[in-house]
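One structure is given here, and the rest of the page talks about it.
Read-outs throughout are calculated quantities, based only on the coordinates presented, and are distinct from any laboratory measurement. Worth saying up front: this structure is predicted, and the values here are computed from it rather than measured. Quick reminder, even Gly has a Cβ in these numbers, built from the backbone with ideal geometry, and neighbours come from all protein chains shown.
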Amino acid sequence: MNYAALKKFDIANGPGVRVSLFVSGCRHHCKNCFNREAWDFDFGSPFTKQTEEEILAELDKDYIKGLSLLGGEPFEPENRAALTQMLKRVREKYPEKTVWCYTGFEFERLKDPTAKAMLSLIDVLVDGKFVEELKSPDLIFRGSSNQRIIDVKKSLEAGEVIWLEGVWRRKMGSGNIYE
């Protein structure tokens, strides 16, 4: 697996200050994707044990709230094994940190064993392809209104999608808009 970028101080891809790993490789090819160069599976640098250790060291900092996985596409079959292995280590070492993952796949389609293994290690899944026509600057932690912010643990237990509790639009006018 290759990765396009590692951000050690990210406030855009989940709550609080996070470490964000942008993996390479994506077959969705969403119109006006913000990270088009990461579509190529060979883009960026190889994800090595040293990269994994660097991520774990960054997560050790008190002010870091968690890890976010983005892309490219974390759930591409070529990326799952390396990410699942790393997430197991993150869970062992930092059970109090949250793991967010952004994917173009819909939650309901992540059913095969390797996807389910990876999904079981994630707290929040922002799912669905980016749709340019549904883009809005009012949205928080997602680019288009078709994308859902899913509480993975509750959804797996319930057997249906459960949105993460919270307000997922910016304050407008006299109050917040809840979804």
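Could you sort out which of Lys31/Lys111; Lys65/Lys153; Lys49/Lys88; Lys7/Lys116 sit more than 21 Å apart by Cα distance in this structure?
Values: Lys31/Lys111 26 Å; Lys65/Lys153 18 Å; Lys49/Lys88 14 Å; Lys7/Lys116 26 Å.
Beyond 21 Å: Lys31/Lys111; Lys7/Lys116.
For each of Leu69, Leu164, count neighbouring Cβ atoms within 10 Å of the residue's Cβ, then give the residues from fewest to most. Numbers along the way, then the final one.
Numbers: Leu69 28, Leu164 19.
Listing Leu69, Leu164 from fewest to most nearby Cβ atoms yields Leu164, Leu69.
Report the trypsin sites (Lys or Arg not before Pro) located in the stretch 50-103 that are in a DSSP loop and have at most 12 other Cβ atoms inside 10 Å of their Cβ, or state none.
Details: sites: Lys61, Lys65, Arg80, Lys88, Arg89, Arg91, Lys93, Lys97; in loops: Lys61, Lys97.
Here the sparse-neighbourhood loop sites are Lys61.
Among Arg148, Arg170, Arg18, which comes first, second and so on when ranked by fewest other beta-carbon atoms within 10 Å?
Details: Arg148 19, Arg170 12, Arg18 25.
Neighbour counts put them in this order, fewest first: Arg170, Arg148, Arg18.
From Cα pairs below 8 angstrom and at least 6 apart in sequence, can you work out the relative contact order of the chain, rounded to a whole percent? Mind showing how you got there, number by number?
On the way: 359 pairs, mean separation 30.4, N = 179.
About 17 percent, as a whole number.
For Val126, list long-range residues whose amide hydrogen, built 1.01 Å from N in the peptide plane, is under 5 Å from its own amide hydrogen.
Close amide H contacts, sequence-distant or interchain: Cys101, Tyr102, Thr103, Ile150.
Which chymotrypsin sites (Phe, Trp or Tyr not before Pro) from the stretch 56-142 combine a DSSP loop assignment with at most 13 other Cβ atoms within 10 Å? Spell out each step's value before the answer.
Values: sites: Tyr63, Phe75, Trp100, Tyr102, Phe105, Phe107, Phe130, Phe141; in loops: Tyr63, Phe75, Phe105, Phe130, Phe141.
Passing sites in the stretch 56-142 are Tyr63.
How large is ³J(HN,Hα) for each residue in the stretch 24-39, as worked out from phi by the Karplus curve 6.51 cos²θ - 1.76 cosθ + 1.60 (θ = phi - 60°), to whole Hz, x for Gly and Pro?
With the stated coefficients, the stretch 24-39 comes to 9, x, 7, 9, 5, 6, 5, 4, 6, 3, 6, 9, 4, 4, 7, 5 Hz.
Restricting to bridges with both residues inside the chain, how much of the DSSP beta-bridge set is antiparallel, in percent to the nearest 5? Numbers along the way, then the final one.
Working: 15 of 28 bridges.
Taking every DSSP beta bridge within the chain, about 55 percent pair in antiparallel fashion.
Rank these for me by crowding, Cys33, Cys26, going from fewest to most other beta carbons within 10 Å.
Cys33, Cys26
Just want the answer: with Cβ charges of +1 for Lys and Arg and -1 for Asp and Glu, which residue in Ser155, Ser136, Val99 is farthest toward the dipole's positive end in the chain?
Result: Ser136, furthest along the dipole toward the positive end.
With the convex hull built on the Cα atoms of the stretch 2-158, state its orientation-averaged projected area in nm². Walk me through the numbers on the way to the answer.
Numbers: hull surface 34.8 nm².
In nm², the orientation-averaged hull projection of the stretch 2-158 is 8.7.
Rounded to the nearest 500, what is the chain's calculated 222 nm mean residue ellipticity when only DSSP H runs of at least 4 contribute -39500 (n - 2.57) each, over all residues? Could you put the intermediate results ahead of the total?
On the way: 4 runs with 42 residues, N = 179.
Calculated mean residue ellipticity at 222 nm is -7000 deg cm²/dmol.
Hey, what do the phi angles of the stretch 12-20 turn into as Karplus ³J(HN,Hα) couplings, whole Hz, using 6.51/-1.76/1.60 and θ = phi - 60°, x for Gly and Pro?
9, 10, x, x, x, 8, 10, 9, 10
Please give, to one decimal in nm, the separation of the simple spin-label points placed at Lys31 and Thr48, each 7 Å out from Cα toward the Cβ.
A separation of 4.1 nm, rounded to one decimal place.
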